[in-house]
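Reviewing the structure listed below.
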Amino acid sequence: MKFTKDIPIGNGTITLESGRLARQANGSCTVQLGETIVLTTACMAPDSTPRGFLPLTVDYREYTSAAGRIPGGFFKREGRPSEKEIITCRLTDRPLRPLFPSGYFYETQIISLVLSADQENDPDILAINGASTALVLSDIPFYHPVGAVRVGLIDDEIVFNPTGAERDVSDLDLIVVGTEDAVTMVEAAANQLDESVILDCIFAGHQELQKIVRAQQELFREMDLEKPDWEAPEAYSPEFRAEVENAIWDDFTTALNTPGKFERRDAVKAVVKGFTDRLPEDDERRAQVGKIVSELEDKALREIVMKQGKRFDNRATDEVRALDTETGLLPRVHGSALFTRGETQALASVTLGTRRDAQIIEEYEGETHQKFLLHYNFPPFSVGEVRFLRGSSRREIGHGVLARRALIPVLPHEDDFPYTVRVVSEILESNGSSSMATVCSGSLALFDAGVPMLAPVAGVAMGLVKDGDDFAVLTDIAGQEDHHGDMDFKVAGTRGGITALQMDIKITGVTREIMGQALTQARAGRLHILDHMASEIEEPREEMSDYAPRLHVMMVARDRIRDVIGPGGKTIRGITEETGCQIDIEDDGRVVVASPNSTAADRAIAMIERLTEVPEVDKVYTGQVRRVEPFGAFVEILSGTDGLVHISELAPYRVGEIGDLVTEGDEMTVKVIDIDPSGKVRLSRKAVIMDDPDFDPKDYEGMGVPAPVGGDRGRDRRGPGGRGGRGGPGGRGGRGGGREARHRGRAGEHLHRTEGQGGVAEDQPTDLQGPFRERPRRGPGHLARVRGGEMAAGQGRQSSTGGAAGAPSAHDHRRHHLPAPFPRRLPEVQQRHRAGPRRGGAGPLS
């Protein structure tokens with residue numbers, strides 16, 4: 001039979017369902033939000049051998065099939081758990097483990113499977129709620145259901161269970177887990193938020209999650225289930241406990257106040273050994289002494305803290321252990337730092353890489369690239385133990401993610417610092433709060449590497465000792481205080497606010513007052529540590545390591561990306577091979593050039609700029625002549641872009657034969673004088689010469705061929721006039737009265753246009769034989785290729801009566817870009833022209 005319960009949370013509804021799936025498990029349920037569904041089961045092995053601890057196993061899997069995808073790679077099935085899956089396992093385990101009854105040591109397993117994922121609602125919250133519901137609905141002795149909600153902060157408004165899009169713009173990503181009475185776990189990433197804001201969000205989340213707790217209780221009653229009674233087995237008799245305490249208490253408390261972690265451990269062992277040596281070898285009570293000593297240690301901690309206001313290492317409750325920092329230890333890495341706090345020591349190194357070094361993460365949502373990596377390693381020698389080195393443990397992954405979350409809010413934007421950054425933290429000694437030591441050493445190492453962070457980050461772990469209504473908050477807890485205390489509250493942040501939180505509470509009744517004091521005390525400790533870090537290195541180094549790659553970022557138009565890549569990647573491979581640089585191109589046109597050699601990088605950038613540059617009017621380029629025609633030369637000024645240098649724009653004089661100046665393959669410096677709407681580019685070599693400050697017109701006098709000069713022609717084409725003079729070689733005939741004069745004038749004009757656009761004809765008289773006469777051709781098809789032409793600068797028109805030259809021609813030098821200081825007529829021609837008009841005679845000859 002199926003049982004369901006709907007719970008309105010924020011703008012969505014969480015649905016709990018049981019009785020339909022996985023019915024052979026001790027307890028099972030599905031949790032749904034939107035179209036995301038998670039199945040969770042809880043099983044216990046009642047015939048397992050009881051141990052001295054709770055063997056609780058939590059597994060969580062996100063299958064890509066839940067989002068309608070097939071895994072990438074060769075093997076088309078999921079492999080080892082991803083980092084996200086491991087973190088969700090820890091999020092499920094941490095709030096549930098302390099709530100199992102004392103003395104419950106049976107093997108227990110919780111499994112959560114994501115059945116459907118809408119890619120908007122994260123399944124991790126559903127898995128936590130599902131684990132609690134499955135345990136409540138099972139016959140496992142679990143009596144305290146918990147609820148979990150995610151809390152966001154968007155424009156200073158609290159949002160419960162925000163979607164993926166909302167989380168992207170939220171200043172807070174907070175997970176709150178708690179029972180009906182108290183908060184049991186907090187996990188948060190924040191954008192340097194104030195402590196009071198964090199506190200408000202935590203308790204707002206606790207108020208909202210109580211709906212989920214009550215729904216689990218109602219579902220339990222509706223299904224008419226019963227829970228077994230649990231009585232913890234007696235580990236030892238009260239009489240024997242009293243005997244041990246009376247025998248060793250004074251010496252035991254004295255040993256606990258011994259300075260030094262290992263010295264304290266050896267002193268305690270000596271006291272305990274003195275008692276156990278008095279017991280017979282076969283006395284079974286010898287195995288019970290260890291449990292009694294652990295309880296006595298818990299009692300001693302509370303007494304010394306609550307009554308004397310100090311701790312085992314003689315520190316005050318708000319005192320941070322001795323600090324020591326050092327940067328630049330490792331010469332070949334790009335940044336390094338050693339951070340020591342008491343008996344906890346972390347060595348962090350920073351490596352800078354390119355986009356290709358980013359970690360590719362495949363999840364049900366698809367592939368993502370992670371450009372900031374933080375890896376935390378906890379070798380056994382850090383606590384004086386012997387153990388095989390295998391893969392990273394769940395604890396190592398969890399602590400690394402916490403430290404990474406603390407540093408991300410202060411990292412520079414990718415536009416300002418396009419590197420992939422990897423921080424590796426090696427814990428060399430450990431006596432409490434090694435994850436917060438990683439935050440501190442990682443921040444120092446990033447400064448040493450020259451990463452332009454917004455601010456330094458420090459972290460500190462807070463503890464709690466509570467006895468009835470009395471309590472004491474401990475700053476910078478050591479290992480014993482973490483193990484025997486009531487709270488482990490890690491707080492990381494800058495001077496401006498909190499960037500990360502992680503809190504595990506082992507008791508109920510942690511009030512807002514207690515948590516507020518913990519946050520206030522944590523801020524004081526954090527600022528103390530930041531002051532010490534600033535004495536070592538106050539700002540990121542201006543210069544990066546000589547061994548770090550230099551990245552240069554440039555933008556190209558998206559439609560020019562193909563020009564950089566080339567056919568089959570040929571062009572970009574050629575640039576890489578020639579310069580030795582690594583080049584990454586993104587879809588938005590961002591190009592990142594990586595090279596430790598700035599000279600090579602500059603060369604690669606120049607090559608890319610040349611491939612993607614767009615010609616600009618009035619800009620000078622040096623290109624190669626690709627093709628020569630009688631009317632001009634085509635010069636490639638940019639890759640794939642060429643323009644025409646007309647014969648009239650080759651030199652500051654009249655060029656006779658283009659081949660006299662230009663041949664294919666020549667290098668030519670030209671100026672862009674025009675780009676028409678269709679994209680055709682007009683170039684000028686003449687403009688470059690004339691723009692030279694040392695240009696002197698006299699240097700070019702007498703160069704080139706004489707300009708053709710035609711006869712005078714009347715001002716009015718339609719009016720009557722005298723017979724026009726015959727046009728000179730390639731010149732324009734004069735215009736006179738009568739049909740013949742018009743024909744001859746037109747013929748001269750036609751020949752002149754032929755010369756201007758098609759090429760330069762030989763300077764020889766033209767024998768006109770008809771109304772449309774042709775001059776000798778320079779080559780076959782010459783006249784067919786040319787149309788129109790440029791009229792000689794300053795050529796006048798005769799009056800309709802065949803008189804002297806009238807107003808200047810409309811085809812003057814300004815329209816055809818012929819500079820005024822260089823007329824196309826020779827001086828003697830100009831002199832003859834000024835002598836006066838001729839009637840019916842031939843035009844002036846050169």
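The values are calculated or read from the model by the stated rules, or taken from the named source; none is laboratory data. Here the structure is a predicted model, which is why all the values come from computation and not from measurement. Every residue, glycine as well, gets a Cβ built from its backbone with ideal geometry; the counts of neighbours run over all protein chains shown. These area figures cover heavy atoms from the full protein model, side chains too; ligands, DNA and RNA do not enter into them. Shrake-Rupley method; radii C 1.70, N 1.55, O 1.52, S 1.80 Å.
Set the Förster radius R0 to 60 Å, insert the Cβ-Cβ distance between H483 and I565 as r into 1/(1 + (r/R0)^6), and round the FRET efficiency to 0.05. Each step should come with its number before you reach the end.
Working: r = 58 Å, r/R0 = 0.97.
About 0.55, to the nearest 0.05.
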Cα-projected label distance for N597 with E543, points at 7 Å along beta-carbon direction, nm | 2.0
Once you put a point 7 Å from the Cα of D47 and another 7 Å from the Cα of D266, both along the Cβ direction, what distance in nm separates them?
-> 4.9
Leaving out same-chain residues fewer than 8 places away, which lysines sit with a Cα under 27 Å from that of K291?
-> K261, K269, K273, K299, K307, K310, K466, K506
Treating only the Cβ atoms of Lys and Arg (+1) and Asp and Glu (-1) as charged, compute the dipole magnitude of the range 264-334 about its Cα centre; round to the nearest 20 debye.
-> 160
Where the only charges are on Cβ atoms (+1 Lys, Arg; -1 Asp, Glu), what is the dipole of the range 201-268 about its Cα centre, to the nearest 20 debye?
-> 500
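Ranked from the most accessible area to the least, with a 1.4 Å probe and all protein chains present, what is the order of E62, E281, E536?
Values: E62 15, E281 160, E536 70 Å².
Heavy-atom accessible area, descending, gives E281, E536, E62.
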Aspartates and glutamates whose Cα lies under 14 Å from that of K2, excluding same-chain neighbours fewer than 8 positions away | E17, E222, D224
Just flag the chymotrypsin sites (Phe, Trp or Tyr not before Pro) in the range 342-397 sitting in loop per DSSP whose Cβ has no more than 13 other Cβ atoms within 10 Å.
-> F388
Positive-pole candidate from V655, G665, S639, dipole of the range 585-685, charges at beta carbon | V655
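Largest first, what is the accessible-area ranking of R512, R405, R286, R526 with a 1.4 Å probe?
Of R512, R405, R286, R526, the descending order of accessible area is R512, R286, R405, R526.
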Segment R285-L329, length gained on full extension (0.36 nm per residue, minus Cα span) = 10.7 nm
DSSP-assigned coil residues among GluC sites (Glu not before Pro) in the range 549-639, each with at most 11 further Cβ atoms within 10 Å = E616
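Accessible area per residue of the range 347-435 at 1.4 Å probe, in Å²? Please report the intermediate quantities before stating the final value.
Numbers: 4080 Å² over 89 residues.
Roughly 46 Å² per residue, with all protein chains present.
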Whole number in Å², please: accessible area per residue of the range 157-266, 1.4 Å probe, ligands, DNA and RNA not counted.
-> 50
Sorting T179, I202, Q216 by the position of each Cα along the dipole of the range 167-216 (Lys, Arg +1; Asp, Glu -1; all at Cβ), the one nearest the positive end of that ordering is Q216
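Could you size up the charge dipole of the range 126-202 around its Cα centre, putting +1 on the beta carbon of Lys and Arg and -1 on that of Asp and Glu, and report it in debye to the nearest 20?
Details: 2 positive and 14 negative charges, 86 e Å.
Approximately 420 debye in magnitude.
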For the range 420-487, what % of the accessible area comes from carbon and sulfur atoms, probe 1.4 Å?
-> 44
Under 18 Å from the 7 Å Cα→Cβ point of R495, by amide nitrogen: which residues of the range 379-413?
-> 410-411
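Starting from the residue with the highest accessible area, list H144, H552, H206 in decreasing order, probe 1.4 Å.
Details: H144 95, H552 50, H206 20 Å².
Ranking H144, H552, H206 by accessible area, largest first, yields H144, H552, H206.
Pop out the carbon and sulfur fraction of the accessible area of the range 56-130 as a percent, whole number, probe 1.4 Å.
Values: 1700 of 3210 Å².
Carbon-and-sulfur percentage of accessible area, whole number: 53.
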With the label point 7 Å along the Cα-to-beta-carbon line of E586 and a cut-off under 13 Å to each amide N, the hits in the range 366-385 are 369-372
Of all the accessible heavy-atom surface of the range 269-355, with the other protein chains kept in place and a 1.4 Å probe, what percent is carbon and sulfur?
-> 46
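Given a 1.4 angstrom probe, what's the average accessible area per residue across the range 467-568, in square angstrom?
Values: 4680 Å² over 102 residues.
Result: 46 Å² of accessible area for each residue.
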With each pseudo-label sitting 7 Å past Cα toward Cβ, what's the E303-D691 distance in nm, one decimal?
-> 9.3
How big is the accessible area of M462 in square angstrom, nearest 10, if you roll a 1.4 angstrom probe over the protein chains?
-> 0
Multiply the residue separation of L225 and F381 by 0.36 nm, subtract the distance between their alpha-carbon atoms, and state the gained length in nm to one decimal.
-> 51.2 nm
Expressed in nm to one decimal, what extension gain is obtained for the pair E234 and I361 from 0.36 nm per residue of sequence separation less their Cα-Cα distance?
-> 40.8 nm
